[in-house]
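Notes follow once the structure below has been shown.
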Amino acid sequence: MSSSACLSPYVNLPQVQWRLKTEELVACHPLKRDEIVEVVLQSWKDIFVSKLGNFSIGKELFPKPQIMGFFLHELIPLEFQARCPGVWRGDKTGDDKDLVYIPDPKYSVEIKTSSHASQIFGNRSYAQETGGSKKSKSGYYLAVNFAKFGATNALPAVSRIRFGWLDHADWMGQKAASGQQAHLDAAVQASKLILLYSK
């Protein structure tokens, strides 16, 4: 389904009512808040008990944030699928969201991770209308922020988990023609993503 075919639940709502609408959308989602937090934190923990060859992440290997984000992006759907087989699965095609709710795809979820303290980002296409063959950029989003590896031996942690609904129109592309990133303004982040966990 293209983003244009998906009517925003915020249509005709003044901004002061966005937060209440987001709370309603999150409350009716099949995933519960505590479960989301548990799965994200477990997935993060699993990264550090995994090995690549004879080497452990956080001991001999210290991946860049993009790689840590990739691991989270892959592990979160796998964990939901393991807990509820036949209900949740990861994406299989370009039309799928990152976490697919098999009984009703409207509850499927895009996952965004970032080592930024508070923001999440999409590529430039998130700020553009979606073609008919691509997945919608509107819908439920799980946003996870985490710390980078630092100079100390302390393992980085997940710092923030948010869940809510974003429309493709919420994403703003970089003004420079060469810019490849899209971001959200502060008002959207505050009213359309509900904070589930903060460290």
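Rounded to the nearest 5, the antiparallel percentage of DSSP beta bridges internal to the chain is 75%. Taking amide H atoms as placed 1.01 Å from N in the peptide plane, the amide H of Ala182 lies under 5 Å from those of Gly122, Asn123, Arg124, each 5 or more residues away in sequence or on another chain. With neighbour counts taken as other beta-carbon atoms within 10 Å, the residues Thr113, Thr152 rank, fewest first, as Thr152, Thr113. Among Ser198, Ser138, Ser8, the ranking by other beta carbons within 10 Å of each residue's beta carbon, starting with the fewest, stands as Ser198, Ser8, Ser138. Once C-alpha pairs closer than 8 Å and six or more residues apart are averaged by separation and normalised to the residue number of segment 30-198, the relative contact order reads 18 percent. Taking the chain as the reference, fit the longest principal axis to its C-alpha atoms, fit the long axis of helix 33-48 to the helix C-alpha atoms, and give the angle between the two in degrees, 0 to 90, nearest 10. Rounded to the nearest ten degrees, it is 40.
Where in the chain is the longest stretch that carries no GluC sites (Glu not before Pro) classed as loop by DSSP and with at most 13 other Cβ atoms within 10 Å? Before the final figure, lay out the partial values.
Working: sites that count: Glu60, Glu129.
Longest run free of exposed loop sites: 130-199.
Using alpha carbons only, how many degrees (0 to 90, rounded to 10) separate the axis of helix 65-83 from the longest principal axis of the chain? Compared with the principal axis, the helix lies near 80 degrees. Values (1) 18.5; (2) 17.6; (3) 19.0 are given for comparison; Kirkwood radius over Cα pairs in Å, derived from the coordinates here, is the one labelled (2). Taken about its Cα centre, segment 30-198 carries a charge dipole of roughly 260 debye when the Cβ of each Lys and Arg holds +1 and the Cβ of each Asp and Glu holds -1.
Values in this text are rule-based calculations from the coordinates and carry no lab data. This is a predicted model, so every value here is computed, not measured. When we count neighbours, we look across all protein chains shown, and the Cβ atoms used for this are built from the backbone with ideal geometry, even at glycine.
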